[in-house]
Structure formats: structure tokens, C-alpha cells
Amino acid sequence: MKELKDKYSGIAVPVGALRTKNSCGTGEFLDLKKLADFCSVSGISLIQILPVNDTGTESSPYSALSAFALHPIYISLKAVKGSEDFEGDIKSLKKKYDSEKRFSYREVRQEKLGILRKIFDKNYPAIKTDANLTKWIKDNPWVKFYSVYMGFKARYNEASWKEWAPKDQKLSEKEIMELWADSKKESDNLFSAWIQYNLDLQFSEAVKYIRKKGIILKGDIPIMMNEDSCDAWAYPRYFRDDLRAGCPPDGFNPLGQNWGFPIYNWKNLEED
């Protein structure tokens, strides 16, 4: 990244607001390319986006359920290999939201995941043996824990992991890896990993395009993890579950704010 020695004009925007003619329900990663074109001719040198972490059913971009996973809502369905067989489904979903000024966050998320599942199931034999996907998973080991977690979330109808059966709430890392390797759960596990792989491809494509235009892309991240997150579930030793992050009382919030995010266990983080 080049050092910023001069003044730059910039724009800050959530990816979901970048809806184009190619979008399906909400702005997507590949829509960043259109924004880069606009910035290029407008003399805008810097783009800042809000966090793009997966937040599950929570619409706030700062309520992350993973420090690593990208949000499926930002995927371009048409750019996913094998999507051509479901062009009708994608067109119907796109048409459903084209005239809407606002969109139903949970509904769009669920419908996109539904179409992605159709693409995945039809192409499962090829996906299962895809060397590029296999390598990507090896290079991104966090996705194994995330995929097992998302499998549980689906089976428990998106409920917080603290509401799961006690046997599923507290698993060791070894037990989680055994679930990742369980042949009975292979399809569900691989589905979540495959989505993340495709999101990474699309986001990387957009980032490269932006840089090629000579524009700086500035990101944002959630500073804490949601208590209902893959990270808090899989790595409880890194969190203080007896404390919550928040904000002290002020003129706007006389009682202060409780954000519901567990505090990091700095001692254990430092030791590891």
C-alpha cells in the first residue's frame, strides 16, 4: 500500500448500497467495479467500504459472526460457475427486488442461499473434486470451523449457539475438526466453504480492478465479535463471556450502551 503523503478525495459506502443493473437484490462485490469507474472519471481517489464480514441474520455490518468469513449477501449469483442452469431463478429474484427502494435483508440473504444450494447440489461431484477449492480450503483453515458452525446454525434454525443442545455448545477444536471430516456432514460443510471460496474470488476480482484504476480501497472491520459467533463458539478461551463491550453514559444515552459483544481475553491471546 502506498504511503499517503497528499490530500485525497474519497467516498465511504456500504457495499449493499451499490446496487446496479447487474445486482440481485442488493449491492454486490462486483458492483465495486462500477463504483471504481465512476470514481475514476470523477477524480475520487479513495473508496472506503463498511465491514463485509458475514453477520448471519444480523443486518449490522459490525455484528460479525466470523472475523474471517465474507457475507454471502454480496455474492453475484450469475458469476458463480454452474449458475447458468438456474438463470430463471436468478432473473426472478432480481425482478422481485428491482423496483424496490429498500430490500428485506433476511429475505434476500435466504433466497440467495437457496439458489446457491441449487447450484451446489447440481454440481456437487465436480465441486467436491475441484483442486482450486481444495487448495483454497487448505490455505484458509479457519473455514473448516466456520463451516461446521454454519451447519449447526442451519440445523438449529439460525438460533444462537447458546441455545443449542448442551453437547453442541462446547466442543473442543479436535471435536470440531472431526465433524468437519465426518462423511455424513461433508456436503453441508463443503457448501459453506464453497460459498466463501466464490466470495473470495469475486471480492479479489473487484479489488484488483480498483487498484488497476489507481484508486485506493480502504476497508473497515468490526472491533469485536458477536457473542453468537463462530469465533466465540470455537475459541471460548479468547473471550471473557462474563463481560460485554459498550459505551459509558452520555447525553444521548444516559444509561450507556451494551453492545452485547464479549470482551477479549487478552491474557490468553498474549500467551498464544
Within the group Lys144, Lys138, which residue is of a type outside the set (A, V, I, L, M), modelled with pLDDT of 95 or more, loosely packed, with under 13 Cβ neighbours inside 10 Å and not in a loop (DSSP other than H, G, I, E, B)? Lys138
Take the conditions of a type in the set (Gly, Ala, Ser) and within 21 Å of Leu30 (Cα to Cα) and apply them to Ser92. Does it pass? yes
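So in segment 162-186, with the set limited to residues that are of a type in the set (A, V, I, L, M) and closer than 27 Å to Gln110 by Cβ, which one is least open to solvent (accessible area, probe 1.4 Å)? Before you say what the answer is, go through the steps one by one.
Of all residues in segment 162-186, those of a type in the set (A, V, I, L, M) come to 165, 171, 176-177, 179, 181.
Filter once more, keeping what is closer than 27 Å to Gln110 by Cβ: 165, 171, 176, 179.
Values: Ala165: 33, Leu171: 32, Ile176: 1, Leu179: 36 Å².
Among those that are of a type in the set (A, V, I, L, M) and closer than 27 Å to Gln110 by Cβ, it is Ile176.
Would you mention how many residues in segment 35-55 are assigned to a helix (DSSP H, G or I) and open to solvent by 30 Å² or more (accessible area, probe 1.4 Å)? Break it down stepwise before answering.
Applying the first criterion (assigned to a helix (DSSP H, G or I)) to segment 35-55 yields 35-42.
Checking which are open to solvent by 30 Å² or more (accessible area, probe 1.4 Å) leaves us with 37-38, 40-42.
Adding up the residues that qualify gives 5.
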Residue hits (segment 215-248; modelled with pLDDT under 95, in a loop (DSSP other than H, G, I, E, B) and out of contact with any Asp or Glu (no Cβ under 9 Å at 6 or more places or on another chain)) are Gly219, Asp220, Ile221, Pro222, Ile223, Met224, Pro248
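Filter segment 115-133 down to residues that are surrounded by 13 or more Cβ atoms within 10 Å (Cβ to Cβ) and not aliphatic (A, V, I, L, M), then give me how many there are. Quick ask: steps written out before the conclusion?
The initial filter retains those residues of segment 115-133 that are surrounded by 13 or more Cβ atoms within 10 Å (Cβ to Cβ), namely 115-120, 122-124, 127-128, 130, 133.
Adding the requirement that they be not aliphatic (A, V, I, L, M) leaves 117-118, 120, 122-124, 128, 130.
Here the count works out to 8.
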What pairs come out if I take residues in segment 249-266 that are assigned to a loop (DSSP other than H, G, I, E, B) and pair them with residues that are open to solvent by less than 60 Å² (accessible area, probe 1.4 Å) and modelled with pLDDT under 95 whose C-beta lies under 7 Å away, six or more apart or interchain? Pro249/Gly256; Asn253/Cys247; Gly256/Gly246; Gly256/Cys247
Which of the residues spanning segment 97-111 are touching a Leu at 6+ places or on another chain (Cβ under 9 Å) and either part of a loop (DSSP other than H, G, I, E, B) or under 14 Å from Arg19 (Cβ atoms) (or both)? Val108
Taking the condition of being touching a Pro at 6+ places or on another chain (Cβ under 8 Å) and either without any contact (Cβ under 8 Å) to a residue 40 or more places away in the chain or surrounded by fewer than 24 Cβ atoms within 10 Å (Cβ to Cβ) (or both), how many residues in segment 56-66 meet it? 3
May I ask you to say which residue of Ala154, Ala159 is without any contact (Cβ under 8 Å) to a residue 40 or more places away in the chain, open to solvent by less than 90 Å² (accessible area, probe 1.4 Å), among the aliphatic types (A, V, I, L, M) and in a loop (DSSP other than H, G, I, E, B)? Ala159
Of the residues in segment 67-88, how many are acidic (Asp, Glu) and in contact (Cβ under 8 Å) with a residue 12 or more places away in the chain? 1
Note on Lys184: of the conditions (1) in contact with a helix residue (DSSP H, G or I) (Cβ under 9 Å, 6 or more places away or on another chain); (2) under 18 Å from Ser147 (Cβ atoms), unmet is (1)
In this structure, is Glu84 more than 18 Å from Leu30 (Cβ to Cβ) and not small (Gly, Ala, Ser)? no
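Kindly check whether there is at least one residue in segment 5-22 that is in a loop (DSSP other than H, G, I, E, B), in contact with a His (Cβ under 6 Å, 6 or more places away or on another chain), surrounded by 14 or more Cβ atoms within 10 Å (Cβ to Cβ) and at negative phi. Step through it out loud before you land on a result.
Just the residues of segment 5-22 that are in a loop (DSSP other than H, G, I, E, B), to begin with: 5-9, 14, 18-22.
This time we only want the ones that are in contact with a His (Cβ under 6 Å, 6 or more places away or on another chain), so: none.
Within segment 5-22 (the criterion being in a loop (DSSP other than H, G, I, E, B), in contact with a His (Cβ under 6 Å, 6 or more places away or on another chain), surrounded by 14 or more Cβ atoms within 10 Å (Cβ to Cβ) and at negative phi), the answer is no, since none of the residues qualifies.
The values are calculated or read from the model by the stated rules, or taken from the named source; none is laboratory data. Note that the structure is predicted; figures quoted are calculated from it, not measured. FYI the Cβ positions are ideal-geometry reconstructions off the backbone, even for glycines, and counts take in every protein chain you see. These area figures cover heavy atoms from the full protein model, side chains too; ligands, DNA and RNA do not enter into them. Shrake-Rupley method; radii C 1.70, N 1.55, O 1.52, S 1.80 Å.
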